[in-house]
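The values are calculated or read from the model by the stated rules, or taken from the named source; none is laboratory data. Nothing here was measured: the structure is a model prediction, and the numbers come from that model. Ideal geometry is used to build each Cβ from the backbone, glycine not excepted, and the neighbour counts take in all protein chains shown. Calculation scope for accessible area: heavy atoms of the full protein, side chains included, ligands and nucleic acids excluded. Shrake-Rupley method; radii C 1.70, N 1.55, O 1.52, S 1.80 Å.
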Amino acid sequence: MVPTSFLIGLSAILFAIGAAGVLLRRNVIVIFMCIELMLNAVNLAFVSFARQLHSMDGQVIVFFVMTVAAAEAAVGLAIIIALFRNRETIHADEMNLLRW
């Protein structure tokens, strides 16, 4: 059995890597993947706490988070493709469609 503290530590490391990627990268695809990494880190924390507490609540929450993440992935990639067709770039600095 893997201790819960190890899983929570791994979850924190994955979340920190994802947050650093969102803050430091300028490629929209990489930012998008870092957001997905952050969601997976939270899912790992939910599952590890659910295992420690012998409860199914955390796993049910993970199911709903994964459903929302799948919908977010579909909509997010569609938006990225639309922006790429319009601007011909995937750099976040050059995408200023909402500015005047």
Q.
Rolling a 1.4 angstrom probe over the protein chains, ignoring ligands and nucleic acids, what is the accessible area of Phe6 in square angstrom, nearest 10?
A. 120 Å²
Q. Between Asn27 and residues 5 or more places away or on another chain, which pairs have amide H atoms under 5 Å apart, with H built 1.01 Å from N, and which residues are they?
A. Ala92
Q | Probe 1.4 Å, all protein chains present, accessible-area order of Leu23, Leu37, Leu77, largest first | A | Leu23, Leu77, Leu37
Q: Could you pull the accessible area for Ser11 with a 1.4 Å probe, rounded to 10 Å²?
A: 10 Å²
Q) If you build a Gaussian network model of the chain, linking Cα atoms that sit under 10 Å apart, which residue out of Leu44, Leu83, Leu53 swings the most? A) Leu53
(Q) I want to verify a result. In a Gaussian network model of the chain, Cα cutoff 10 Å, which of these has the top mean-square fluctuation: Arg85, Arg25, Arg51? (A) Arg85
Q: Of the options Met33, Gln52, Ala82, report the single residue whose Cα projects farthest towards the positive end of the charge dipole of the chain (beta-carbon charges: Lys, Arg +1; Asp, Glu -1).
A: Ala82
Q) Residue by residue, what Karplus-based ³J(HN,Hα) values in Hz, rounded to whole numbers, does the range 52-63 have, using 6.51, -1.76 and 1.60 with θ = phi - 60° and x for Gly and Pro? A) 5, 8, 6, 10, 8, 4, x, 6, 5, 4, 4, 4
Q: Give a residue-ordered list of calculated ³J(HN,Hα) values for the range 16-32 (Karplus: 6.51 cos²θ - 1.76 cosθ + 1.60, θ = phi - 60°; whole Hz; x for Gly, Pro).
A: 5, 5, x, 5, 5, x, 5, 7, 9, 8, 10, 7, 5, 5, 5, 4, 4
Q: Can you tell me the dipole magnitude for the chain around its Cα centre, using point charges on the Cβ only (Lys, Arg +1; Asp, Glu -1), in Debye to the nearest 20?
A: 120 debye
Q.
If N is the number of residues in the range 12-100, what value comes out of its Cα radius of gyration divided by 2.2 N^0.38 Å?
A. 1.32
Q: With a 1.4 Å probe and all protein chains in place, put Phe15, Phe63 in order of accessible area, largest first.
A: Phe63, Phe15
